[in-house]
Amino acid sequence: MSLKGKRIGVAFTGSFCTYEKAFLELKKLAEEGSVIQTIFSSASSGMDSRFGKANDFLAAAEEITGKKPILTIPDAEPIGPGKLLDILVIFPCTGNTLAKLANGITDSPVLMAAKAHLRNNRPLLLSLSTNDALGMNMKNIGLLMNTKNIYFIPFGQDDPQNKPNSMISHSELLLPALEASLEGRQLQPVLLAK
Ligand SMILES: Cc1cc2nc3c(=O)[nH]c(=O)nc-3n(C[C@H](O)[C@H](O)[C@H](O)COP(=O)(O)O)c2cc1C
C-alpha cells in the first residue's frame, strides 16, 4: 500500500531520547507524499531537556510537514467529528501516555487526538518507548494489544542487563507498520530483538 496522499497524524510524547530517530522517520514519511499533521503532548511541547529544546522540535515538525503542530486539547478534538486522519501514530509513546490510553484518560492533546480518532473506527499505531514496559506497564501493553484498531510498531528490550524492564520500538519500521495497520494487520513479528 502506498502512503502517498494518506492523512497521517504523528503524535509526539515525552520520550525525548528517541526524537532524533523519530524526526528522521518523519522526514521519510513526508518524502512518501503523506499529508502529515503532528500533535505534541503538553510535556513534549513544554519541556526542554538534554536531548534538545521544545521550540526547536516544534519548528522542525512544522518545517518537515508544512503544517503547525497541534498543541492543545481543543485543537485536537476536531480530529474526531471531521474524520481528519486515516491513521494516527503515537511516535514515540511514553509509559505515561500508554497507561492513560489503556485506562480511558484523555488529559493531553495526544490522548484527545487518540480518543477522537478511535471513535471513527480507524487505526491507531503505537511506538513504545518506556523503561517500565515489562514492569508497571506490562498489563497495559497486553490490554492495548487486545484492543480493536490498536497496533504496535515491533518492539524489543533495548538494554536487558542495565534496564531489564525497558522496551522500545523499532522506529525504522514506521512505514511498513503504517501500511500494515492501514490494512488492518499487525506487522509481524511484533516482538523483535533490538
Ligand atoms: C529527558 C527525559 C527523557 C524521558 N524519556 C522518557 C522515555 O523514554 N519514556 C517514557 O515513558 N518517559 C520518559 N520521560 C518521562 C516523560 O517525559 C513524562 O512521564 C511525561 O509526563 C510524559 O508525558 P506525556 O506522555 O504526556 O508526553 C522522560 C523525561 C525526561 C525529562
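The values are calculated or read from the model by the stated rules, or taken from the named source; none is laboratory data. On a predicted model such as this, the values are computed, not experimentally measured, just so you know. Note that each Cβ is placed from the backbone with ideal geometry, even for glycine, and that neighbours are counted across all protein chains shown.
Of all residues in the stretch 80-92, those satisfying the criterion of being within 26 Å of G156 (Cβ to Cβ) and either within 14 Å of the ligand (Cβ to nearest atom) or surrounded by fewer than 19 Cβ atoms within 10 Å (Cβ to Cβ) (or both) are I90, F91, P92.
Residue by residue through the stretch 1-24, note down the ones that are among the charged types (D, E, K, R) and either away from the ligand (no atom under 16 Å from the Cβ) or assigned to a loop (DSSP other than H, G, I, E, B) (or both). K4, K6, R7 - these are the residues of the stretch 1-24 that are among the charged types (D, E, K, R) and either away from the ligand (no atom under 16 Å from the Cβ) or assigned to a loop (DSSP other than H, G, I, E, B) (or both). Count of the stretch 41-75 residues, restricted to those that are among the polar types (S, T, N, Q) and more than 15 Å from the ligand (Cβ to nearest atom), is 2.
Each residue in the stretch 155-193 was checked for being closer than 15 Å to V89 by Cα and either part of a helix (DSSP H, G or I) or free of Cβ contacts under 8 Å to residues at least 60 places away in the same chain (or both), and 17 pass.
In the stretch 25-56, which residues are within 21 Å of H170 (Cβ to Cβ) and over 14 Å from the mean Cα position of the chain (by Cα)? Of everything in the stretch 25-56, those that are within 21 Å of H170 (Cβ to Cβ) and over 14 Å from the mean Cα position of the chain (by Cα) turn out to be K27, K28, A30, E31, E32, S34, F51. Pairs are defined by a Cβ separation below 8 Å, a sequence spacing of at least 6 or placement on different chains, a first member in the stretch 11-32 that is farther than 18 Å from L85 by Cα and free of Cβ contacts under 8 Å to residues at least 60 places away in the same chain, and a second member that is of a type in the set (V, I, T) and more than 9 Å from the ligand (Cβ to nearest atom); the pairs so defined are F23/I64; K27/I64. Based on this model, can you work out whether V110 counts as touching a Pro at 6+ places or on another chain (Cβ under 6 Å) and either over 23 Å from K28 (Cβ atoms) or modelled with pLDDT of 95 or more (or both)? For V110, the condition - touching a Pro at 6+ places or on another chain (Cβ under 6 Å) and either over 23 Å from K28 (Cβ atoms) or modelled with pLDDT of 95 or more (or both) - is not met. Output the residue which, of all residues in the stretch 93-132 that are over 14 Å from N149 (Cβ atoms) and touching a Phe, Trp or Tyr at 6+ places or on another chain (Cβ under 7 Å), is farthest from the ligand (Cβ to nearest atom). The residue in question is S127.
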